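Beneath this line is the structure, given in structure tokens, with notes to follow.
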Amino acid sequence: MTQSDSATTATLALAINAIDDLKGEAVKTLNVSELTTITDYMVICSGRAARHVKSIADSVTEQAKKAGLEPRIEGKDKAEWVLIDLNGVIVHIMQPTARAYFQIEKLWDIDAAAPDETRHSN
């Protein structure tokens, strides 16, 4: 179960600001509320290396705790792909190679996954 709309919006802004503070790269926000019940939004960003990924994850986690949230974190040890669940917002922080390999944007982005109708001209 996710937070109220206003709380989710505040959590989303918190996550994006924490990522921006540490210069997270290629930040993408996806509204997945109509695709799944596990979360309303996914935020995906890249860190340049393991240390950068960990630093971004620490920033998001610290800001979330200050806001009274209880973030759940996976993958911080290796810092190839860190997932932070903020109850309504899931943050994916990935090294560029992992992001290119898994391409999670394609799994969750309805617009990107929609077929290009202009290709079907006869």
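Here are the numbers for the structure shown:
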| read-out | value |
| --- | --- |
| Table column - 3J(HN,Hα) (Hz), the range 87-99, Karplus curve with 6.51, -1.76, 1.60, x for Gly and Pro | 6, x, 9, 10, 9, 10, 10, 10, 6, x, 5, 5, 5 |
| Percent antiparallel among DSSP beta bridges (both partners in the range 44-106, rounded to 5) | 75 |
| DSSP bridge orientation in the chain - percent antiparallel, rounded to nearest 5 | 70 |
| The chain: angle of helix 50-66 to the longest principal axis, Cα-based, in degrees nearest 10 | 70 |
| Acute angle (nearest 10 degrees) that the helix 5-21 long axis makes with the longest principal axis of the chain, alpha-carbon atoms | 80 |
| Furthest towards positive pole of dipole, 103, 79, 24, structure part the chain, Cβ charges | 79 |
| Computed magnitude of the charge dipole of the chain (debye, nearest 20; Cβ of K, R +1, Cβ of D, E -1) | 500 |
| Cα convex hull of the chain, projected area averaged across orientations, nm² | 8.4 |
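No value in this document is a laboratory result; all are computed from the given coordinates. As the structure is a computational prediction, the values presented were derived from the model and not from experiment. Cβ: placed from backbone, ideal geometry, glycine included. Neighbour counts: every protein chain shown.
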